[in-house]
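Here is the structure we will look at.
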Amino acid sequence: MNSKIVFSLFASLLSIYSSAQEWKADVSYRYMYSNQLDKAIQTYNYSRPLLTEKQPLLMNGINASVSYIFKNERNFKHGLNLNYAYFRSSAENENFNNTFNLHFLNLGYILHYENAEKWKGLYSDLIISATSSAVLRKINGKPFVYDETRSKAFGIGGDVQLKFGTYINLKNKSYLSPYISFSCTPYLFSPNNEAVINQTKGLITNNWSSIVSGQIGMTFHLRNEF
């Protein structure tokens with residue numbers, strides 16, 4: 001690669017880092033509850049009584065995110081957040097392995113709060129995001145084809161998350177923080193979820209769903225102190 005291009009990329013990254021007060025990346029276990037998704041999978045199991053292993057609900061998943069906090073000397077700071085979550089439901093029966101994969105991708109705004117004088121080491125984040133989802137299905141390891149096309153369902157909506165954590169100093173500007181968070185997606189428009197799961201549409205579930213979830217995990221922080 002041309003040395004000028006390498007230098008330009010390095011200078012750009014350095015500029016972005018120096019303009020931030022904090023970068024953070026986290027990973028967590030995520031529990032989710034969605035009445036509409038649960039109903040679709042429960043109906044799937046009910047309509048297939050001969051299955052030895054029932055299809056698990058889409059409720060246990062993993063979550064990862066990166067955040068950028070702008071420089072600000074106030075207790076309230078602003079930032080950006082990119083978040084990804086993955087849930088999997090798989091059941092293996094004789095000559096028939098069925099898997100549903102659920103993906104979420106959020107892009108949001110953070111309102112970060114910490115007060116070192118009153119609550120040293122503690123912080124909270126309010127994250128308001130646009131969210132998108134995708135439900136994909138595989139049978140025996142291959143994408144499920146329905147009506148001559150790959151079966152898939154996309155969704156779009158909004159999400160609100162409240163997060164609480166505490167800083168543990170590692171060295172220099174690096175920190176770890178265990179955290180818990182709670183989030184709600186009051187409206188996710190996803191009209192084809194039922195079609196992917198049950199090959200029906202509008203008979204079992206609504207074309208939208210609401211979702212609540214909780215997370216417990218760990219965040220790595222890289223901070224530029226004033």
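Side notes on the structure shown:
- The gain in end-to-end length when the Leu126 to Met218 segment is fully stretched comes to 31.4 nm, 0.36 nm per residue minus the alpha carbon separation.
- For a modelled paramagnetic label at Lys142, 7 Å from Cα along Cα-to-Cβ, the residues of the range 84-99 in reach, with backbone nitrogen under 15 Å, are 95-99.
- Values of log10 I(q)/I(0) for the range 20-73 across q = 0.14, 0.28 Å⁻¹ run -0.58, -1.03, by the Debye formula with one identical scatterer at each alpha carbon and no solvent.
- For the range 11-145, the alpha carbon convex hull comes to 155 Å³ per residue, rounded to a whole number.
- Computed FRET value (nearest 0.05) for Asn45 with Asn169, which takes r as the C-beta separation and R₀ as 45 Å: 0.40
- Checking every one of the trypsin sites (Lys or Arg not before Pro) in the range 98-188 against DSSP loop status and a limit of 15 other Cβ atoms within 10 Å picks out Lys118, Lys120, Lys173.
- Calculated FRET efficiency, Leu111 to Glu53, Cβ-Cβ distance, R0 = 30 Å: about 0.10 to the nearest 0.05.
- Where the chain is the region considered: accessible area per residue in Å², 1.4 Å probe: 56
- Inter-label distance for Asp38 and Tyr187, nm, one decimal - labels placed 7 Å from Cα along Cα-to-Cβ: 2.3
- For the range 126-226, the dipole from Cβ point charges (+1 on Lys and Arg, -1 on Asp and Glu) about the Cα centre works out to 340 debye, to the nearest 20.
- Multiplying the residue separation of Thr200 and His78 by 0.36 nm and subtracting their alpha-carbon distance yields 39.6 nm.
- Ellipticity estimate at 222 nm from DSSP helix runs (n ≥ 4, -39,500 (n - 2.57)) divided over the chain, nearest 500: -4500 deg cm²/dmol
- Square roots of 5 times each gyration tensor eigenvalue, C-alpha, the range 78-226, largest first, Å: 39, 18, 12
- Of the residues Leu58, Ala153, Phe76, the one whose Cα sits farthest towards the positive end of the charge dipole of the chain is Phe76 (charges of +1 on Lys and Arg Cβ, -1 on Asp and Glu Cβ, taken about the Cα centre).
- Accessible surface of the chain, 1.4 Å probe: 64 percent of it comes from carbon and sulfur atoms.
- Annotation: aspartates and glutamates with alpha-carbon distance below 19 angstrom to Lys163 (same-chain offsets under eight excluded): Glu22, Asp26, Glu114, Asp125.
- Shape summary of the range 141-226, radius of gyration then Dmax from alpha carbon positions: 20.0, 59 Å.
- Look at the dipole of the chain built from charges on Cβ: of Leu107, Gly214, Ser181, the Cα furthest out on the positive end belongs to Leu107.
- Local electrostatic count, Phe76, Cβ distance below 14 Å [Lys/Arg +1, Asp/Glu -1]: 0
The values are calculated or read from the model by the stated rules, or taken from the named source; none is laboratory data. Since the model is a prediction, treat every value here as computed from it, not as a measurement. Every residue, glycine among them, receives a Cβ derived from its backbone with ideal geometry; neighbour counts consider all protein chains shown. All accessible areas refer to the heavy atoms of the entire protein, side chains included, with ligands and DNA or RNA removed. Shrake-Rupley method; radii C 1.70, N 1.55, O 1.52, S 1.80 Å.
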